[in-house]
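A short write-up of the structure that comes next.
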Amino acid sequence: MLVGVQPTPSFRVQLDPAKLAARGLSLEALRTSLSNNTVDLPKGNIEGEIRSFTIFSNDQMTAASDWNNAIIAYRDGAPVRVKDVGQAVLAAQDYTQAAWADTTRGVVLIIFKEPGANIIDTVDKIKAELPMLTASLPASLKVQVLSDRTQTIRASVADVQFTLMLTIGLVVTVIFLFLRNIWATAIPAFTVPLALFGACGLMWFAGYSIDNLSLMALTISVGFVVDDAIVMLENIVRHIERGEKPMDAATIGSSEIGFTIISISISLVAVLIPLLLMSGIIGRLFKEFAMALAMTILVSAFVSLTLTPMLASRFIKPAAEAHHGRLYQWSERFFEAMLNTYERGLDRALRHRFVTLLAFIACVALTGYFYTIVPSGFFPQQDTGMLYGQALAGQDVSAPQMQSYMEQFAEIVIKDPAVAHFAAAIGGSGNTQNTGRMFIQLKPRDERDASADQVIRRLQPKLAVVQGARLVMQASQDVRVGGKLSASQYQYVLESADVDALDQWAPKLLSALQRLPELTAVTTDQMSSGTTLTLQVDRDQAARYGLTANDVDNTLNDAFGQRQIAQYFTQLSTYNVIIEVLPSLRGDLKALGQIYMTTPSGSQVPLSAIAKWTTAPVQPLIINHEGQFPSVTISFNLAPNIALGQATAAIDKTAAQMRLPATIQPTYTGTAQAFNESLSSVPLLILGALVVVYLILGILYESYIHPLTILSTLPSAGLGALGTLLVFHMEFNLVGLIGVILLIGIVKKNGIMMVDFAIAAERDQHLSSLESIRQACLLRFRPIMMTTMVSMLGALPLMLANGTGAEIRQPLGYTMFGGLLVSQALTLFTTPVIYLYLDGLSHWLSSFARHGESHDEPELPLDEVSLARRKLAAE
């Protein structure tokens, strides 16, 4: 949070070197005299027989008149006072520093929370204390909150909460449309609040907090926490519709589907293991996300295995007692027509298995191709309502001129209709005199006509009219990984022990990068062209007068260094006393000719008698370091519609073409470095998720082959996810990666439901592989459609969200929705074919192991007799 107040003054004693020399005084002697004129030392007590007296005195000077009248020496028996050789004035402590709050001079205070503290509570407590603090200040001082970052956090959390409620509503609606029964809808709907509340309880026990990531996890989990309950309830309802009593149907149905639900839940949690094992700041960010999801899934599975069968046995009416209206009859005919359509398509796919297999292989190949061409990024570019700007001027700029530049920038920025407040500052620790900083608070998202990036783009042409300086801006992000605070968002660093090589090659690379269309606002922190005034002291000549280099440095510091020589204290504050030359001499090189030094013998020697000075050569204002080595940081922003992966590829290509010397090591830092590291780990994360799921499924099914059938549902999900990102011109970033990993866990449930029922039919009913997988597909068609539709509609609000902070959630919604849509359309036909091929392979391997020779299982014809027999078995 930023708070602007009026500046606090100090005393500045401004001296005329010519008048000092005329009275035989030096700056050093004056400094000593002035520092002894104001003291605050203990003076003791007088202890009488009855009373005690604490001794106070006027040893401190707290007014300008006192300083002006202070005697610094005697000449010819007359006192020499400060006002005879200069003046004492109330002024700012450092004239090279300045700050503005909405174009008014002030002091900017930036407040950070302690690690582990709740930022909402922290800000609320600060705001509660502000009225009391303001009341204790003079009426002339104004305290104003310029920026409150929790406003966007609160708005983002409110938007996620709305999305969560909307998702719950959509999910319940889908369940009702498929089941068309109030109690049948209410039973799985009970799973949602129970799973969410249970997960929140576990999060509280684990010490986690409700934030954007955990809320996003809870929102996306709504789409699949009801899957287990839906699968359980649908199987129970199917037995009730066949004439079973509700209690018997609940017992039989839960025993049939229990292992399937356990398989779905365990494998879904297993998918999250690679997220939990991620290292670094990204791992810490997504650990809480993954844990919130895992907790929700486990609670959902427990509820589905216990509460759902119990409720179904009590509240679902027997088939004989059920009375259905016209809407039910119409919808039932619609679902029957949909099932018949799927049955015809399935028979065609099973009849032309090789063509279906080729379609699956094409899907795998196309998924790999899409992965290579989709733009890659790190985190979505957010609109947090805050812009950070850095003003850059010539390296020889003076403090007054830099203040003028900042005031011109401020007048332009404050006129933009999207800007609410801003704070600006120049100078300060760690900043060179030619740089300034600006923190721009935008109006709430629904009160402005442009996004943060659009505001930057429309301000840049207006700011360009300021001659001699430029203001580079970037949209502040909630997730910023390491790196230094630079003018632009991303950083490319050149390191070398050879400073001359950096001075030669860094400007060349900067010029080349500024011409790249993928980059904007390319800047550098290299400042090797500062104007300096170099004194060459004649040590022999100085020694003749009894002067040393230390005397020269002290004298120059007294004159031009804003040297603090004393302090005085009040009940509330400490004020500094600064010594310097008159303001009219601060910027005049001729002032050096007026500086005199006092020799040990008491005579006055002009500085020009022992030293000469020149403004050449040019020297660096500052030499930055990265670790132990000198470095130059080139920062950049991304051009519109350009992903970070495209930008880094262009930078790497440009640097390679320039053939930088081996002594210069180019590296990315901060967010760009984290992006490169995450980019290399993406295939490993996906592979790790696949391996974990395969191992879990292999253990559950005690098979090497059936897990491959289940995993065959994944390429179509990847194709849909990446294709959706390409269609909507979005990048594949870490949030999209989370969506793909979740798809691995969600999409495989279709394969689990098919394979689980096929194995049971083949074992219990002694059906062939073809008959068992066909029967499984038809029986599981409705729950597969229900669970997929529920998951899709759970992702839809994230996909279409446009509120505060929605940018970070949208890639998850797009990948989930697109992946589920394409997967649903393809896996219902490809998975049965893959099952038959792999089952045949399994039998061939078994026969080979038993007889030492291979033979293929004969393929059963799909004739009318077998079709009729399967229909009778299904009925």
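The values are calculated or read from the model by the stated rules, or taken from the named source; none is laboratory data. None of these values were measured; they are calculated from a predicted model. A quick note on method: Cβ atoms are made from the backbone with ideal geometry, for glycine too, and the neighbour counts reach across all protein chains shown. All accessible areas refer to the heavy atoms of the entire protein, side chains included, with ligands and DNA or RNA removed. Shrake-Rupley method; radii C 1.70, N 1.55, O 1.52, S 1.80 Å.
Expressed in nm to one decimal, what extension gain is obtained for the pair GLU336 and ALA139 from 0.36 nm per residue of sequence separation less their Cα-Cα distance?
Full extension from GLU336 to ALA139 adds 63.1 nm.
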HN-Hα J couplings of the stretch 75-91 from phi, Karplus 6.51/-1.76/1.60, θ = phi - 60°, integer Hz, Gly and Pro as x?
10, 6, x, 10, x, 10, 9, 4, 5, 7, 10, x, 7, 10, 9, 7, 7
Residue-normalised accessible area of the chain, given per residue in Å² at a 1.4 Å probe
46 Å²
Quick one: which residues, 5 or more positions from TRP613 or on another chain, have an amide H under 5 Å from its amide H? H modelled 1.01 Å from N in the peptide plane, none for Pro or chain starts.
GLN536
What share of all Cα pairs of the stretch 764-805, in percent, falls into each consecutive 5 Å distance bin?
5, 18, 15, 13, 11, 10, 9, 6, 5, 3, 3, 1
Name the residues whose placed amide hydrogens come within less than 5 Å of the amide hydrogen of VAL522, ignoring near sequence neighbours (fewer than 5 apart) on the same chain.
ASN637
Which value in Å is the Kirkwood Rh of the stretch 652-741 over different Cα pairs?
16.3 Å
Describe numerically, in nm with one decimal, the distance between label points set 7 Å from Cα along Cα→Cβ at ALA22 and at LYS653.
7.1 nm
When N is the residue count of the stretch 467-597, what does its C-alpha Rg come to as a fraction of 2.2 N^0.38 Å?
1.62
To the nearest whole percent, what portion of all C-alpha pairs in the stretch 539-685 is separated by more than 26 angstrom?
59 percent
With just the Cα atoms of the stretch 709-760, tell me how far they stretch along each of the three principal axes, in Å, largest first.
44, 18, 11
Calculate what fraction, in whole %, of the accessible area of the stretch 178-310 sits on carbon and sulfur atoms when a 1.4 Å probe is rolled over the protein chains.
71 percent
Once you treat every alpha carbon in the stretch 691-730 as an equal point and sum by Debye, what is log10 I(q)/I(0) at q = 0.32 Å⁻¹?
-0.96
What distance in nm separates the two pseudo spin-label positions at LYS125 and THR62, each 7 Å out from Cα along the beta-carbon direction?
3.3 nm
Radius 15 Å from Cβ of ILE651, net charge of other residues (Lys, Arg +1; Asp, Glu -1):
+2
Summed over the other residues with a beta carbon less than 15 angstrom from that of ILE664, with K and R at +1 and D and E at -1, the charge totals -4
Express the C-alpha Rg of the stretch 161-229 as a ratio against the empirical globular expectation 2.2 N^0.38 Å, rounded to two decimals.
1.16
For ALA639, what charge total do you get from the other residues with a beta carbon under 14 Å from its beta carbon, if Lys and Arg give +1 and Asp and Glu give -1?
-1
For the pair PHE629 and LEU277, how long in nm is the line joining their label points, each one 7 Å along Cα→Cβ?
3.3 nm
Which shape class, rounded, prolate or oblate, goes with the stretch 533-594 when its Cα gyration tensor gives a ≥ b ≥ c as root eigenvalues, a/c under 1.5 marks rounded, and past that a/b bigger than b/c marks prolate?
oblate
Taking the Cα atoms of the stretch 220-372, report the difference between the largest and smallest coordinate on each principal axis, in whole Å and largest first.
60, 42, 28
Given the Cα-Cα distance of GLN460 and LEU845 and 0.36 nm per residue of separation, how much length would full extension add, in nm?
131.7 nm
List, largest first, the extents of the alpha carbons of the chain along their principal axes, each in whole Å.
132, 76, 51
From the square roots a ≥ b ≥ c of the eigenvalues of the alpha-carbon gyration tensor of the stretch 23-114, which class results: rounded (a/c under 1.5), prolate (a/b over b/c), or oblate?
oblate
Whole-angstrom gap from the stretch 378-451 to the stretch 645-724, using each part's C-alpha centre
37 Å
Given Cα positions, please report Rg to Rh for the stretch 427-474, the hydrodynamic radius being the Kirkwood one.
1.05
Along the stretch 386-398, what does the Karplus equation 6.51 cos²θ - 1.76 cosθ + 1.60 (θ = phi - 60°) give for ³J(HN,Hα), rounded to whole Hz, x for Gly and Pro?
10, 10, 10, x, 10, 8, 10, 10, x, 6, 9, 5, 8
Could you order the peptides 748-758, 673-683, 17-27, 105-115 from most to least packed, using the average number of other C-beta atoms within 10 Å per residue?
748-758, 17-27, 673-683, 105-115
Between GLU49 and ASP94, 0.36 nm times their residue separation minus their Cα-Cα distance comes to what?
11.1 nm
What residues have an amide H closer than 5 Å to that of SER631, excluding those fewer than 5 places away on the same chain, when H is modeled at 1.01 Å from N in the peptide plane?
ASN624, HIS625, GLU626
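Would you calculate, for the chain, the mean residue ellipticity at 222 nm contributed by helices, counting each DSSP H stretch of 4 or more residues as -39,500 (n - 2.57) and dividing by all residues, to the nearest 500? Could the numbers behind the result be given before it?
Details: 28 runs with 489 residues, N = 875.
Calculated from helices alone, the mean residue ellipticity at 222 nm is -19000 deg cm²/dmol.
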Hz values of 3J(HN,Hα) by residue in the stretch 24-30 - Karplus curve (6.51, -1.76, 1.60), Gly and Pro given as x
x, 10, 10, 4, 5, 5, 5
For a quick protection proxy, order the peptides 830-837, 385-392, 635-642 by their average other-Cβ count within 10 Å, most packed first.
830-837, 385-392, 635-642
Which of the residue pairs LYS83/LYS142; LYS415/LYS484; LYS142/LYS484; LYS113/LYS142; LYS113/LYS287 have a Cα-Cα distance greater than 27 Å in the structure shown?
LYS83/LYS142; LYS415/LYS484; LYS142/LYS484
So if we plug the beta-carbon distance of THR599 and ARG480 into 1/(1 + (r/R0)^6) with R0 = 56 Å, what FRET efficiency do we get, rounded to 0.05?
0.50
